[in-house]
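The values are calculated or read from the model by the stated rules, or taken from the named source; none is laboratory data. Remember, it's a predicted structure, so these values are computed and weren't measured experimentally. When we count neighbours, we look across all protein chains shown, and the Cβ atoms used for this are built from the backbone with ideal geometry, even at glycine. Heavy atoms of the whole protein, side chains included, go into the accessibility calculation; ligands, DNA and RNA do not. Shrake-Rupley method; radii C 1.70, N 1.55, O 1.52, S 1.80 Å.
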Amino acid sequence: MKKRNVLKDNLPEVYVNEDLTRKRHKVLYDARVLKNQRKIADCWSFDGEILVKGKNRVISTVRNIDDLKQVVSENSFK
């Protein structure tokens with residue numbers, strides 16, 4: 001995964017994604033929806049974990065939908 005940028009530079013049509021469990025994939029998908037709705041600043045996966053950057057620029061690890069809701073609620077008052 002660390003070398004995927006080398007592959008991306010040489011073969012731009014190739015995508016390398018992490019193999020997430022179904023549950024984590026759903027959490028990441030929901031986080032991307034929230035990012036598109038501008039309720040969070042960013043989201044990504046790294047080493048099997050889902051990371052979310054709130055509007056306050058604090059990065060949190062989320063493990064489930066409740067954690068994701070907590071990040072959104074913490075940032076809704078700022």
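Brief remarks on what is shown
- All positions within region 56-77 that are in contact with a Lys or Arg (Cβ under 6 Å, 6 or more places away or on another chain) and over 22 Å from ASP19 (Cα atoms): ASN56, VAL72, ASN75
- For region 47-58, a tally of residues being touching a residue at least 24 places away in the same chain (Cβ under 8 Å) and among the hydrophobic types (A, V, I, L, M, F, W, C) returns 1.
- In region 37-55, residue modelled with the lowest pLDDT [restricted to those that are of a type in the set (D, E, K, R) and within 17 Å of VAL16 (Cα to Cα)]: ASP47
- For ARG57: the one exception among (1) open to solvent by 60 Å² or more (accessible area, probe 1.4 Å); (2) in a helix (DSSP H, G or I): (2)
Every residue, every condition in (1) part of a helix (DSSP H, G or I); (2) open to solvent by less than 90 Å² (accessible area, probe 1.4 Å); (3) in contact with a Leu (Cβ under 8 Å, 6 or more places away or on another chain); (4) touching a residue at least 12 places away in the same chain (Cβ under 8 Å), yes or no:
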residue	(1), (2), (3), (4)
MET1	no, no, no, yes
VAL16	no, yes, yes, yes
TYR29	yes, no, no, no
LYS35	yes, yes, no, no
ASP66	yes, no, no, no
VAL71	yes, yes, no, yes
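- Which numbered condition ASP42 misses (of (1) touching a residue at least 24 places away in the same chain (Cβ under 8 Å); (2) among the charged types (D, E, K, R); (3) open to solvent by less than 70 Å² (accessible area, probe 1.4 Å)): (1)
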